[in-house]
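J.: If you scroll down you'll find the structure; I have some questions about it.
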Amino acid sequence: MMKIAFFGLGNMGGPMAANLLKAGFEVNVFDLFPKAVEQLVALGATTADTPKDIVQDCDVVISMLPAGKHVRELYIGEDGLINYLNVGTLVIDSSTIDSATAQSVAAILANKQINFIDAPVSGGVAGATAGTLSFMTGGSLSSFNQAKPLLEVMGKNIFHAGEVGAGQVAKVCNNMLLSILMVGTSEALQLGVDNGLDPTVLSEIMSKSSGSNWTLDVYNPCPGVMPTSPASNEYQGGFMTDLMLKDLGLAMDTAVGSQSTTPLGALTRNLYSIHQKSGNGKKDFSSIFEQFSSK
Ligand code: NAD
């Protein structure tokens with residue numbers, strides 16, 4: 001049986017590791033928060049005191065960490081895992097980080113014949129729990145094929161976007177578009193409300209017309225329109241403004257690197273920055289609606 005080492009048991013990594021355990025894999029887990037580790041051990045995971053003991057004899061390492069600096073530190077930092085992984089180990093990093101970091105970590109690991117794919121996800125905590133995440137991967141086809149059966153345990157849609165770093169590029173393109181759609185949908189809904197329309201009726205009209213999009217149809221940002229959306233639950237749960245702002249920063253860095261023109265992405269990043277500074281960082285990203293609705 002394949003032996004997996006899993007680093008980062010937070011909101012996303014915890015349920016992802018739990019799904020691997022449910023599928024019968026042997027999973028050795030590690031997090032800086034002992035509570036997070038305890039929860040997975042209660043589900044059948046094993047653990048150890050140090051990262052180097054965690055990866056002993058493992059075939060695959062999966063990481064789900066906050067940012068690029070954590071990924072670099074874990075694998076190639078002082079006393080990093082690179083010193084302890086066997087030749088041929090597959091590393092799957094599912095954290096959302098910049099593609100340049102993914103590429104540099106992959107290149108350094110490759111010197112020791114350790115294979116790396118970047119595999120950021122979409123689908124949030126609900127998708128991680130249900131095992132329905134979308135994975136956008138970058139790396140060699142052989143590493144992708146090796147990772148696929150594991151990714152299928154944690155996700156529903158598994159994509160190979162290209163070489164190492166391509167998964168991260170796909171992820172920031174998607175989230176930049178998502179945030180632009182969210183801002184546009186909020187703006188349009190509030191324009192209707194300001195002119196006497198019922199937002200539920202307006203949403204129904206637009207979702208059957210050319211304005212239809214996911215933020216309108218599935219994740220409506222106006223409170224009361226959809227009982228199940230975070231908007232109807234005081235913008236709790238879902239995908240935090242802080243995380244969307246992080247992804248928009250990565251999208252802007254990517255655009256600078258490729259000299260791409262992204263005026264709506266830049267505007268949207270600034271709107272989310274204002275929104276965060278107004279104390280909304282922990283609210284779901286659809287709360288940007290309040291920037292338009294509060295008078
Ligand atoms: P989180 O902060 O809940 O979890 C991160 C975990 O990593 C924490 O428990 C932390 O203790 C642990 N950690 C940090 N350094 C570590 C190390 N060296 N070794 C082991 N553990 C370490 O974050 P999250 O919401 O689970 O997000 C993880 C990643 O997934 C981020 O890159 C985020 O952008 C991305 N993401 C999050 C969501 C979401 O909805 N939360 C959706 C898609 C992608």
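J.: What about Asn86, is it over 25 Å from Gly155 (Cβ atoms), away from the ligand (no atom under 15 Å from the Cβ), without any contact (Cβ under 8 Å) to a residue 60 or more places away in the chain and in contact with a Cys (Cβ under 9 Å, 6 or more places away or on another chain)?
T.: yes
J.: Within 11 Å of the ligand (Cβ to nearest atom) and open to solvent by less than 60 Å² (accessible area, probe 1.4 Å), is that true of Ser134?
T.: Here the answer is yes, as Ser134 does meet what is asked.
J.: On the basis of being away from the ligand (no atom under 13 Å from the Cβ), more than 24 Å from the chain's Cα centre (by Cα), without any contact (Cβ under 8 Å) to a residue 40 or more places away in the chain and open to solvent by 20 Å² or more (accessible area, probe 1.4 Å), does Ser209 make the cut?
T.: Judged against the criteria, Ser209 is a match.
J.: Moving to a separate point now. Residues to consider are Thr132, Thr96; find the one that is of a type in the set (Ser, Thr, Tyr), under 25 Å from Tyr219 (Cβ atoms), touching a Pro at 6+ places or on another chain (Cβ under 6 Å) and not assigned by TED's automatic domain parsing to the domain that holds Pro230.
T.: It is Thr96.
J.: Counting residues that are away from the ligand (no atom under 14 Å from the Cβ), which helices (runs of 4 or more DSSP H) fully inside the stretch 1-67 reach at least 3?
T.: 13-22
J.: Of the residues Ala106, Ala42, Ala36, which single one is surrounded by fewer than 16 Cβ atoms within 10 Å (Cβ to Cβ) and small (Gly, Ala, Ser)?
T.: After ruling out the rest, the residue left standing is Ala42.
The values are calculated or read from the model by the stated rules, or taken from the named source; none is laboratory data. Not measured: the values here are computed from a predicted model. Please note: Cβ atoms are built from the backbone with ideal geometry, for glycine as well, and neighbour counts cover all protein chains shown. These area figures cover heavy atoms from the full protein model, side chains too; ligands, DNA and RNA do not enter into them. Shrake-Rupley method; radii C 1.70, N 1.55, O 1.52, S 1.80 Å.
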